[in-house]
């Protein structure tokens, strides 16, 4: 479903991605592991149409992503939930959520149905639907960010560091929700520094360092790898 073939991306003279190749099949949950600045976010920004690649090919469900506008990519079913949540703090929770459905704005009945599904997944957001998003806790704001992405009705979801800054119990709940979304049929590409939690729900994983893929394998292989354990898990 998702295929990157020898993708490169530069910011001026800095080469952020260098011949990156990876794939995620339909229904898979694939993790990108790497330290801050390794290139995980650059991959997502390229796939979502924010940054233009300097070489290689990106395909989603057989369609070439290069040259497509971000709105067209979302309409095709590939949706990016960015690092840092990027909410509108003064707007209500519900307004933030419905902004995620902009590409479906003519389908009011469909938007209401999807909103009900999001509230069913995150009941606390229904209780706080009229509150400013900026007044919520960090975990609740991450729920809004994920819910907003789901309002776009993704077939594939790019999740960038959803556990960042969250308490361990909230991280556990968040990863359970991500796994639930995946099991319902949505392909997930998850960028994470929290390797132990991410590998616990992944089918496969890639390790990225300095813009290069340095290792790939199924979750058991990476969990058992001594180098991966020392670098990302500990012990």
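The values are calculated or read from the model by the stated rules, or taken from the named source; none is laboratory data. A quick note: this is a predicted structure, and the numbers were derived from the prediction, not measured. Cβ coordinates were reconstructed from backbone atoms using ideal geometry, including for glycine residues, and neighbour counts include every protein chain displayed.
Scanning for something touching a helix residue (DSSP H, G or I) at 6+ places or on another chain (Cβ under 9 Å), closer than 13 Å to residue 87 by Cβ, in contact (Cβ under 8 Å) with a residue 60 or more places away in the chain and crowded, with 21+ Cβ neighbours inside 10 Å, does the range 130-144 turn up at least one residue? No, there is no match, as no residue in the range 130-144 is touching a helix residue (DSSP H, G or I) at 6+ places or on another chain (Cβ under 9 Å), closer than 13 Å to residue 87 by Cβ, in contact (Cβ under 8 Å) with a residue 60 or more places away in the chain and crowded, with 21+ Cβ neighbours inside 10 Å.
Taking the criterion of being modelled with pLDDT of 95 or more, crowded, with 16+ Cβ neighbours inside 10 Å, under 26 Å from residue 179 (Cβ atoms) and touching a strand residue (DSSP E or B) at 6+ places or on another chain (Cβ under 8 Å), would at least one residue in the range 12-20 satisfy it? Yes, the range 12-20 contains a residue that is modelled with pLDDT of 95 or more, crowded, with 16+ Cβ neighbours inside 10 Å, under 26 Å from residue 179 (Cβ atoms) and touching a strand residue (DSSP E or B) at 6+ places or on another chain (Cβ under 8 Å). In the range 96-105 there is no residue matching the filter, namely being part of a loop (DSSP other than H, G, I, E, B), farther than 24 Å from residue 61 by Cβ and free of Cβ contacts under 8 Å to residues at least 60 places away in the same chain. Checking the conditions here, which among 79, 93 is in contact with a strand residue (DSSP E or B) (Cβ under 7 Å, 6 or more places away or on another chain), at pLDDT 95 or above and buried (at least 20 other Cβ atoms within 10 Å of the Cβ)? Sole residue among the options that is in contact with a strand residue (DSSP E or B) (Cβ under 7 Å, 6 or more places away or on another chain), at pLDDT 95 or above and buried (at least 20 other Cβ atoms within 10 Å of the Cβ): 79. In the set 229, 180, which member is surrounded by fewer than 22 Cβ atoms within 10 Å (Cβ to Cβ) and more than 28 Å from residue 128 (Cβ to Cβ)? Result: 229 is the single residue among 229, 180 that is surrounded by fewer than 22 Cβ atoms within 10 Å (Cβ to Cβ) and more than 28 Å from residue 128 (Cβ to Cβ). Exactly one residue among 123, 70 is over 24 Å from residue 30 (Cα atoms) and surrounded by fewer than 21 Cβ atoms within 10 Å (Cβ to Cβ), and that residue is 123. If we scan the range 48-56, do we find a residue that is part of a loop (DSSP other than H, G, I, E, B), on the phi > 0 side of the Ramachandran plot and modelled with pLDDT under 95? Within the range 48-56, not a single residue is part of a loop (DSSP other than H, G, I, E, B), on the phi > 0 side of the Ramachandran plot and modelled with pLDDT under 95. Among the residues of the range 1-36, those that are outside any strand (DSSP E or B) and within 24 Å of residue 219 (Cβ to Cβ) comprise 1, 25, 26, 27, 28, 34, 35, 36. Residues that are within 21 Å of residue 97 (Cβ to Cβ) number at least 3 in the following strands (runs of 3 or more DSSP E) confined to the range 141-235: 156-160. Residue count for the range 198-212 satisfying the condition of being in contact (Cβ under 8 Å) with a residue 40 or more places away in the chain and surrounded by fewer than 20 Cβ atoms within 10 Å (Cβ to Cβ): 6.
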